[in-house]
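Only one structure is covered here, and it is reproduced in the block below.
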Amino acid sequence: MANGLSRKQLEAMGLDEKICDAIIEAYLPTANELKQARTDLEALRAENDTLKKGAGDFATEKARADKAVKDLEDYKALVTKREKTAKVENAYRALARSARIDEKRLDTVVKWARINNVLDNEALKEDGTLEHADKLLEGIQTEFADFVTDSNTRGSGPSTPPGGSKTEADDLAAVRAAMGLPPEQGGKNNA
């Protein structure tokens, strides 16, 4: 009994051996209970430390899970925004097409609208057209008047081919001259 009463201490106090035995026997159960309580306390402290560490791990995992949920929600919002933007741009492209903008220039017109934030606050109607289509159409016709194509352009008819005043012989002579060949002599079958 390192920290408690020892037989030597009792004998040093001048107590008889029988009295020392009685005191030690009375003290021994209390000493054993105190030792067991100390062991239990150390076990509880170790368990508490483990639980604290586990709680820290739980907090870390919860923070990680919360971040993953937030990242997923942000991604869903981004995808939704991209889908809406694509639908609005397609509707704007159709509007530009209806304004007779050259097909080759449609991408340029849509890109201009994207860069200048023309479509940022634009919404689609249920039928897939833009809410402010009239105002946007007017803007397209004003800003991109140079890109408008005339759909009534036609080639010359077969009755009046280009250069129709020349004869076939004149055409052949012009081709021979362009090729650096001497003018044709005689008829068609010059062999």
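Rule-based calculations on the coordinates, nothing more; no lab input. All of these numbers come straight from a predicted model, not from anything done at the bench. Using ideal geometry, Cβ is built from the backbone for each residue, glycine included, and neighbour counts are taken over all protein chains shown.
Look at the alpha carbon pairs under 8 Å that are at least 6 residues apart: their mean separation over the length of the chain gives a relative contact order of 13 percent.
So which of 84/104; 104/135; 76/104; 76/125 end up more than 28 Å apart, counting from Cα to Cα? In this structure, 76/104 lie more than 28 Å apart at Cα. Since only 27, 144, 43 are under comparison, the one whose Cα sits farthest along the positive direction of the charge dipole of the range 7-147, derived from C-beta charges on Lys, Arg, Asp and Glu, is 144. Against the chain, whose longest principal axis is taken from its Cα atoms, helix 106-115 shows a tilt of about 40°.
Can you give me the angle between helix 168-179 and the longest principal axis of the chain, using Cα atoms only, in degrees from 0 to 90, rounded to the nearest 10? Roughly 60 degrees between the two axes. Taking the Cα centre of the range 7-147 as origin and assigning +1 to Lys and Arg Cβ atoms and -1 to Asp and Glu Cβ atoms, the resulting dipole is close to 540 debye.
So I have (i) 109, 28, 11; (ii) 37, 27, 16; (iii) 26, 19, 15, and one of them is semi-axes √(5λ) of the Cα gyration tensor in Å calculated from this model. Which one is it? Derived directly from the coordinates: (i). By how many degrees, 0 to 90 and rounded to 10, does the Cα axis of helix 17-98 deviate from the longest principal axis of the chain? Long axis of 17-98 versus the principal axis of the chain: about 10 degrees. Taking a straight Cα-Cα cut-off under 17 Å and skipping sequence neighbours fewer than 8 places away in the same chain, the aspartates and glutamates within cross-link reach of residue 53 are 42, 61. In straight Cα distance, which aspartates and glutamates are under 12 Å from residue 8, not counting same-chain residues fewer than 8 positions off? Residue 8 reaches 16, 17, 21.
Per-residue packing, averaged as other Cβ atoms within 10 Å, sorts the ranges 174-184, 128-138 into the order 128-138, 174-184, beginning with the highest.
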